[in-house]
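*Asks:* To start, I am sharing the structure in question, which I have written as structure tokens.
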Amino acid sequence: MNMNEQLDFLINFLLDEMPEYKQDAPKIKDKRVLLRALMNVRLPVKDKKLDEEFLRVQDEYLSHERDERGVIDAESLPEILPGISLWQGDITRLKADAIVNAANSSLLGCFIPNHRCIDNAIHSASGLQLREECYQIMKEQNKPEPNGQAKITRGYNLPSKFVIHTVGPIITGDLTQRGRELLKSCYVSCLRLAEKNNLSSIAFCCISTGEFHFPNDEAAKIAVETVKNFMSEKHSVKKVIFNVFK
């Protein structure tokens, strides 16, 4: 199959699975946009495995998209401090042992079609397997993911081997000390999880600074101070990348 045929197959498969969207689907002329929208809204199906043929075609398509965007090797990024690099761009292009996803408490990704949040971008580039793995984690946990903790999944069609998911604090009003502590806990939890899994590189997004409204300057100070303290210890993590998008 060429890419256009892959798109047709994937879109038709998802529309057959979710016929409630068939009436509105023709309004979206760009097939890539339509596919992403359908992937975004698809709920994980309880006790039902994803179709193997769908996954085969999806993985081929997403791998081609990944190569089109271009992969950035984290190891090639210059360091601004010992073991610490700064890079501006799309985190789904980074080849690191893990990238960090600023998740919501459901840990299932963003269900808003083509939303510009990082949660949506990571799930869309990784493939439906990521939501399914997150669903299994949450089913076993049987409660929303608390602020300041972290979970790890495979990266699937991302260049990174793993995704570490963390739920940052939502700031509605003045920033409190509790908010600062929760953000720090996000960074510490991700780093400790990377260490536990013997990972050597991890790329952080700007946790809580987008949809969750944590003040940028204060978030940057907390992130840099926390990572610098961690990197002064002995562990498997040799490189931390701060990935800024805006």
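The values are calculated or read from the model by the stated rules, or taken from the named source; none is laboratory data. All values derive from a computational prediction rather than experimental measurement. Only protein heavy atoms, including side chains, enter the accessible area calculation; ligands, DNA and RNA are left aside. Shrake-Rupley method; radii C 1.70, N 1.55, O 1.52, S 1.80 Å.
*Asks:* On full extension of the chain, what length is gained from residue 195 through residue 143, given 0.36 nm per residue of separation minus the C-alpha to C-alpha distance? Provide the component values of the computation, followed by the final result.
*Replies:* Working: separation 52, 0.36 × 52 = 18.72 nm, distance 2.52 nm.
Length gained between residue 195 and residue 143: 16.2 nm.
*Asks:* Here's a follow-up. What's the Cα-based Rg to Rh of segment 143-246, Rh via Kirkwood? Before the final figure, lay out each step's value.
*Replies:* Working: Rg = 13.5 Å, Rh = 14.1 Å.
Using Cα coordinates only, the ratio equals 0.95.
*Asks:* Mind jotting down the three principal axis lengths of the chain based on Cα atoms? Whole angstrom, largest first.
*Replies:* Principal-axis extents of the Cα atoms in the chain, largest first: 53, 39, 33 Å.
*Asks:* Answer rounded, prolate or oblate for segment 93-193, using the Cα gyration tensor with square roots of eigenvalues a ≥ b ≥ c: rounded when a/c is under 1.5, else prolate when a/b is larger than b/c, else oblate. List each step's numbers first, then the result.
*Replies:* Numbers: a/c = 1.55, a/b = 1.49, b/c = 1.04.
Cα axes put segment 93-193 in the prolate bin.
*Asks:* Still on this structure: Shape of segment 1-114 from its Cα gyration tensor (a ≥ b ≥ c, root eigenvalues): rounded if a/c is under 1.5, otherwise prolate when a/b > b/c, or oblate?
*Replies:* Values: a/c = 2.26, a/b = 1.81, b/c = 1.25.
In terms of gyration-tensor shape, prolate.
*Asks:* Near the amide H of residue 95, under 5 Å away, which other amide H atoms are found, from residues 5 or more places off or on another chain, if H is placed in the peptide plane?
*Replies:* Amide H neighbours of residue 95: 72, 73, 74.
*Asks:* Right, another one. Just how far, in whole angstrom, is segment 131-150 from segment 59-102 if you go by their alpha carbon centroids?
*Replies:* 25
*Asks:* Carbon and sulfur atoms: what percent of the 1.4 Å accessible area of segment 74-164 do they account for?
*Replies:* Values: 2060 of 3820 Å².
The value for segment 74-164 is 54 percent carbon and sulfur by accessible area.
*Asks:* Also, quick follow-up: Calculate for the chain the 222 nm mean residue ellipticity that helices alone would give, adding -39,500 (n - 2.57) per DSSP H run of length 4 or more and normalising by residue count, nearest 500 deg cm²/dmol.
*Replies:* Values: 7 runs with 103 residues, N = 246.
The helix-only estimate for the chain comes to -13500 deg cm²/dmol at 222 nm.
*Asks:* What lysines sit close enough to residue 196 to cross-link, taking a C-alpha to C-alpha distance under 27 Å and skipping anything fewer than 8 places away on the same chain?
*Replies:* 95, 139, 143, 151, 161, 184, 221, 228, 234, 238, 239
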